[in-house]
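For reference, the structure is listed below as structure tokens.
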Amino acid sequence: MRRALVVGNSDGIGLALTHRLVAEGWSVVGVSRSPREGAVQHVVDVTADEFADVLAGIGPVDLCVYAAGVGELFDPADLAAQTRALRVNLIGAARTVEAVVPGMLAAGGGHFIGLSSLADVLISAEAPGYAASKAGLTSYLLGLSAALRPRGVAVTAVRFGFVDTKMAKGGAKPMLVGVDKAVDVLMQAVRSRRPVVSFPRRMSAAARVLRLVTRSTLKR
């Protein structure tokens, strides 16, 4: 039986993905900072020192999906929230790679998927920590993909726009995607093993245009 690890599976995309994988015959191990009966086997924050020990105890997996993420709107009185976005979204993913990829390399195969964002191309005044963490995550995963694919391990960055979860904050949420559709996209990524998947595609194009506009504004 194929074995998967989902980091951040107590709610949202991670929880829905866990259910889908189980329905398709996978054995799934979950890790989350919040308990959810029947869904999470290990409760630990990805920024905690013991996170690495928890992952080490899980053992080899065929698939690892890093779905943990935070993102708070900018508040000058709470800069720590922006730092936490970097620690959870980027460093937490890197720590997960460090723990699970050696087992995949030893087995001669495996697949690591990280949930990034179309915001990875933006310079954001609303959520600078979130945008920066996703930019770093996408860059890191694409670099890993190029380095590890010749060794039999696939790495995929899945770049979503607005998904109907608690992470979708703020007023306007154009092209909002339901959780089930987001899981459909993820399962397609599992099968295709492509280095990068962007969804929705129209929003991906719009984000690139917005980045050019933002850079032009900053130069002024």
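If I ask for residues that are farther than 13 Å from Asn89 by Cβ, of a type outside the set (Val, Ile, Thr) and surrounded by 15 or more Cβ atoms within 10 Å (Cβ to Cβ), which ones from segment 100-123 would you list?
Those that are farther than 13 Å from Asn89 by Cβ, of a type outside the set (Val, Ile, Thr) and surrounded by 15 or more Cβ atoms within 10 Å (Cβ to Cβ): Gly103, Met104, Gly110, His111, Phe112, Leu118, Leu122.
Starting from residues that are out of contact with any strand residue (DSSP E or B) (no Cβ under 6 Å at 6 or more places or on another chain) and within 14 Å of Ala4 (Cβ to Cβ), keep the ones in segment 40-62 and report whichever is surrounded by the fewest Cβ atoms within 10 Å (Cβ to Cβ).
Top of the filtered list is Gly59.
Could you check how many residues of segment 143-166 are touching a strand residue (DSSP E or B) at 6+ places or on another chain (Cβ under 9 Å) and assigned to a loop (DSSP other than H, G, I, E, B)?
Going through segment 143-166 one residue at a time, the tally reaches 4.
Residues being free of Cβ contacts under 8 Å to residues at least 40 places away in the same chain and aliphatic (A, V, I, L, M): count how many of those fall in segment 33-69.
Kept after step one, since they are free of Cβ contacts under 8 Å to residues at least 40 places away in the same chain, are these residues of segment 33-69: 33-45, 48-50, 53-54, 57.
Okay, now just the ones that are also aliphatic (A, V, I, L, M), so 39-40, 43-44, 48, 54.
Matching residues across segment 33-69 total 6.
State whether one or more residues within segment 2-16 are touching a residue at least 40 places away in the same chain (Cβ under 8 Å), assigned to a strand (DSSP E or B) and over 29 Å from Phe162 (Cβ atoms). Spell out the reasoning first.
Step one: filter segment 2-16 for residues touching a residue at least 40 places away in the same chain (Cβ under 8 Å), giving 2-9, 11-14, 16.
Still in the running and assigned to a strand (DSSP E or B): 3-7.
Restricting the remaining residues to those that are over 29 Å from Phe162 (Cβ atoms) gives 3.
Yes: one or more hits.
Please go through segment 174-204 and give me each residue that is surrounded by fewer than 12 Cβ atoms within 10 Å (Cβ to Cβ), modelled with pLDDT under 95 and small (Gly, Ala, Ser), ordered by number.
Matches in segment 174-204: none.
Filter segment 23-33 for residues that are of a type outside the set (Gly, Ala, Ser) and not in a loop (DSSP other than H, G, I, E, B); which is nearest to Ile91 (Cα to Cα)?
Quick first cut of segment 23-33, residues of a type outside the set (Gly, Ala, Ser) only: 24, 26, 28-29, 31, 33.
Of the ones still in play, those that are also not in a loop (DSSP other than H, G, I, E, B) are 28-29, 31.
Values: Val28: 23, Val29: 21, Val31: 16 Å.
Per the criteria, the residue is Val31.
The values are calculated or read from the model by the stated rules, or taken from the named source; none is laboratory data. Everything quoted here is computed from the prediction, not taken from an experiment. Counting neighbours? That spans all protein chains shown, and the Cβs are built from the backbone with ideal geometry, glycine included.
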